[in-house]
């Protein structure tokens, strides 16, 4: 660690990058993943990891799934590390994950790379499965960066916001909600998302809290009663979700999926960072249209 107490941080996770900025540590962030895009200030930080998948929108949802599945089956990472740039940064702390090989570089691969390049950074893996564990990751980063008190204050604010939503929807009818994180083939949204649905006053369909996302069949989906469907394709903002929506809407089974909304997955659902609380607030507004709370136009769009 530098003599002034500052920590040179490399974040390989968009959610971790958001936590770093929320804790006021943006000036100590020295490297990020290619998909770290929030807040705007991060765009000036050097990129130290990339992906072998095309990022220009040239692949369909099915092509992306096929490429990722083939890489995972072969034990080949879809992510790359810029060892030279990491060596030049010489970070004190690297924020990584082991939750999903499709989401970011696994921490084990990071540690192997550090050994090769002769870097002795502390690697902290953030792997939440449940909603409160997402918030608790802020505390983990706070401990690693010497900002424990600041992290505690942020976690308290987020938990109070969640409680406020739960109290507001208490006693209301609870619609049955299907959240899909991929259209072709369909995948449910697992981990913390089912608890987001519950907190927002809904009943999650074909999903259980803490369980991994899994591939569904359209027969499974068609057999369920669904009042509201939320299309939250992993890795996409709202514009990207709307662009991917035809692959979903082309399926005849969507006739039974109730009201269908596309949402900004990156901002509110797929990234386990502070903005998942925004996602719960958004879900509450979508599930309970009688609620006077406005829906920000850049976070959701009704598809049907």
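The values are calculated or read from the model by the stated rules, or taken from the named source; none is laboratory data. From a predicted model like this one, the values you see are computed outputs, not experimental measurements. Because the Cβ atoms are built from the backbone with ideal geometry, glycine has one as well, and the counts that use them run over all protein chains shown.
Name the residues in region 192-232 that are buried (at least 20 other Cβ atoms within 10 Å of the Cβ) and modelled with pLDDT under 95, would you?
Scanning region 192-232 gives a single hit, 213.
Would you mention how many residues in region 173-188 are under 20 Å from residue 209 (Cβ atoms) and either free of Cβ contacts under 8 Å to residues at least 24 places away in the same chain or in a loop (DSSP other than H, G, I, E, B) (or both)?
Of the residues in that region, 2 qualify.
Quick one: is residue 24 surrounded by fewer than 23 Cβ atoms within 10 Å (Cβ to Cβ), in contact (Cβ under 8 Å) with a residue 12 or more places away in the chain, in contact with a strand residue (DSSP E or B) (Cβ under 8 Å, 6 or more places away or on another chain) and not in a helix (DSSP H, G or I)?
no
Would it be correct to say that residue 269 is in contact with a helix residue (DSSP H, G or I) (Cβ under 7 Å, 6 or more places away or on another chain) and either buried (at least 24 other Cβ atoms within 10 Å of the Cβ) or without any contact (Cβ under 8 Å) to a residue 12 or more places away in the chain (or both)?
Considered against the rule, which asks whether it is in contact with a helix residue (DSSP H, G or I) (Cβ under 7 Å, 6 or more places away or on another chain) and either buried (at least 24 other Cβ atoms within 10 Å of the Cβ) or without any contact (Cβ under 8 Å) to a residue 12 or more places away in the chain (or both), residue 269 comes out as yes.
Could you grab me the full set of residues in region 251-263 that are farther than 17 Å from residue 176 by Cα and either surrounded by 22 or more Cβ atoms within 10 Å (Cβ to Cβ) or out of contact with any strand residue (DSSP E or B) (no Cβ under 9 Å at 6 or more places or on another chain) (or both)?
Selection gives 252, 263.
For residues that are in contact with a helix residue (DSSP H, G or I) (Cβ under 8 Å, 6 or more places away or on another chain) and surrounded by fewer than 20 Cβ atoms within 10 Å (Cβ to Cβ), scanning just region 155-168, find the one that is farthest from residue 30 (Cα to Cα).
The selected residue is 168.
Give me the residue from region 146-164 that is under 22 Å from the mean Cα position of the chain (by Cα) and in contact (Cβ under 8 Å) with a residue 40 or more places away in the chain and, out of that set, farthest from residue 197 (Cα to Cα).
151
Select, from 132, 149, 65, the only residue that is part of a helix (DSSP H, G or I), loosely packed, with under 13 Cβ neighbours inside 10 Å and either at pLDDT below 75 or in contact with a helix residue (DSSP H, G or I) (Cβ under 9 Å, 6 or more places away or on another chain) (or both).
On inspection, the qualifying residue turns out to be 149.
Within region 27-45, which residues are under 15 Å from the mean Cα position of the chain (by Cα) and more than 13 Å from residue 9 (Cα to Cα)?
Hits for region 27-45 are 34, 35, 36, 37, 38, 39.
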